[in-house]
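To start, the structure itself, in structure tokens.
The values are calculated or read from the model by the stated rules, or taken from the named source; none is laboratory data. Computed from a predicted model, the values in this text were never measured in an experiment. Methodologically, a virtual Cβ is constructed for each residue, glycine included, from the backbone with ideal geometry; neighbour enumeration extends over all protein chains shown. SASA here: full protein model, heavy atoms, side chains in, ligands and nucleic acids out. Shrake-Rupley method; radii C 1.70, N 1.55, O 1.52, S 1.80 Å.
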Amino acid sequence: MAENENRRAPGQVRDGIIQVMSLTSKGLTAKEIGDRVSQVVGPVKESSVRSYLRLNTPQLFTREERGVYTLRQDSAPALQRPMPPMATPQAPLTFGRATLHHADCFDWLEQQPANSIHAVITDPPYGLHEYTDEQQAKLRRGRGGVWRIPPSFDGHVRSPVPRFTTLNDEQLKDIRTFFYVWARLLLPRLVPGAHVIVASNPLVSYLVSGALAEAGLERRGEIVRLTMTMRGGDRPKAAHDEFSEVSVMPRSMWEPWLVYRKPIEGRVQDNLRQWRTGGFRRQSQEKPFGDVIPSSPTRKAERELAPHPSLKPQSFLRQLVRSALPLGEGVILDPFAGSGSTLAAAEAVGYASIGVEKDDRYFEMASSAIPKLIRFTPKGDQSRR
Ligand SMILES: C[S@@+](CC[C@H](N)C(=O)[O-])C[C@H]1O[C@@H](n2cnc3c(N)ncnc32)[C@H](O)[C@@H]1O
């Protein structure tokens with residue numbers, strides 16, 4: 001083993017150790033750290049990890065009881081701060097064929113058996129920034145930070161949206177790392193041919209996309225959710241009158257959902273027979289699944305059922321979820337489940353699903369929102385079993 005270790009660029013193991021430790025909420029043993037780093041950068045000797053930890057404790061790491069290490073808050077790069085510990089994890093919740101876990105998905109993924117997930121549909125935090133404790137406190141206070149209320153031009157009060165133009169170079173780099181590590185942990189758990197569909201936005205999608213490809217997933221296109229996002233379109237700040245005919249950025253009227261796939265085994269037909277995955281479920285015999293889906297912003301009635309700041313609408317999610325299992329068989333995963341809207345959509349179209357949410361408040365919200373979203377009938381609903 002670890003024969004490759006000598007050929008690795010200096011610092012890669014060190015960076016891997018810091019990355020994996022900054023993306024978890026719990027302390028890890030040297031063995032657990034070694035296993036995770038191996039999944040990210042290739043085989044690493046446990047003894048190398050152990051000596052690195054020993055050499056850099058207490059400067060970088062804290063050794064807790066029973067050989068468990070944590071990364072020191074002040075030693076982590078700006079946004080790779082270790083996750084704050086979760087309150088006591090709650091027991092998983094089930095709603096029909098949907099199960100929601102209260103956990104950090106990086107930790108949770110590591111525990112999952114190989115080849116157990118048939119599709120991923122998720123709307124992740126774009127990096128860690130807008131879901132850090134600091135930014136969530138600012139969102140709940142309604143002041144400052146990355147969240148802002150879009151201007152009201154038609155008398156409607158808007159929900160806050162994260163403003164990604166405030167991210168600095170370091171934070172953008174963290175987004176790439178976050179998705180790379182996430183995809184490396186995800187890959188072995190996917191069956192060959194499983195699709196991974198990830199919500200993004202035009203400002204950071206190139207980073208997410210690059211990280212997923214680099215981690216070993218295969219790019220299969222992009223789904224355009226045609227929707228008025230309330231991003232961009234504004235006149236220059238504090239110079240509205242002087243430059244009244246200027247928009248600083250285009251008003252964004254679509255949202256990219258990146259489409260990736262775990263490489264298939266053999267031909268698509270072989271993969272479909274063996275793993276039940278590899279393609280998309282058609283809308284009907286005549287109509288293939290298409291990559292542009294018109295979608296209204298999430299309406300008030302739905303937001304009242306699930307008041308998560310990033311709630312995605314059922315009408316859109318049900319179409320996406322339905323398409324992701326080509327034969328209607330298997331399990332859909334949403335590792336950043338929020339209020340559980342993907343799970344509700346899966347249950348509504350008759351699929352099994354698993355969600356993971358680490359925030360206590362959103363987990364709690366999901367427990368009451370999922371049953372209501374399952375029963376919710378969107379206007380002009382086109383999803384069907
Ligand atoms: C963009 S929101 C998803 C909202 C969802 N689309 C909905 O409709 O409710 C991302 C969610 O991921 C959660 N999250 C962030 N990091 C996580 C992690 N490491 N493990 C599990 N959940 C995480 C956040 O608390 C947040 O609720």
Loop-resident chymotrypsin sites (Phe, Trp or Tyr not before Pro) in the stretch 188-271 with no more than 12 other Cβ atoms inside 10 Å, DSSP not H/G/I/E/B, are Phe243
Simple spin-label estimate for Asn168/Phe243, 7 Å along Cα→Cβ, in nm, reads 2.3 nm
Counting only DSSP loop positions in the stretch 191-290, the GluC sites (Glu not before Pro) whose Cβ has at most 14 other Cβ atoms within 10 Å are Glu242, Glu245, Glu265, Glu286
Summed over the other residues with a beta carbon less than 9 angstrom from that of Thr70, with K and R at +1 and D and E at -1, the charge totals +2
If amide H atoms are modeled at 1.01 Å from N in the peptide plane, then the residues at a separation of 5 or more from Gly355, or on another chain, having amide H under 5 Å from its own are Thr99, Leu100, His101, Asp334
Ignoring ligands and nucleic acids, Lys300 exposes an accessible area, probe 1.4 Å, in Å² to the nearest 10, of 130 Å²
For the stretch 3-75 (alpha-carbon point model, no solvent) the Debye-based log₁₀ I(q)/I(0) at q = 0.12, 0.15, 0.22, 0.24 Å⁻¹ works out to -0.27, -0.43, -0.93, -1.11
For the stretch 174-270 the trypsin sites (Lys or Arg not before Pro) that pass both the DSSP coil test and the at-most-14 other-Cβ-within-10 Å test are Lys237, Arg251, Arg267
Computed over the stretch 3-75, the relative contact order (Cα-Cα under 8 Å, seq sep at least six) in percent reads 32 percent
Ser341 neighbourhood, Cβ < 9 Å, K/R = +1, D/E = -1, net charge -2
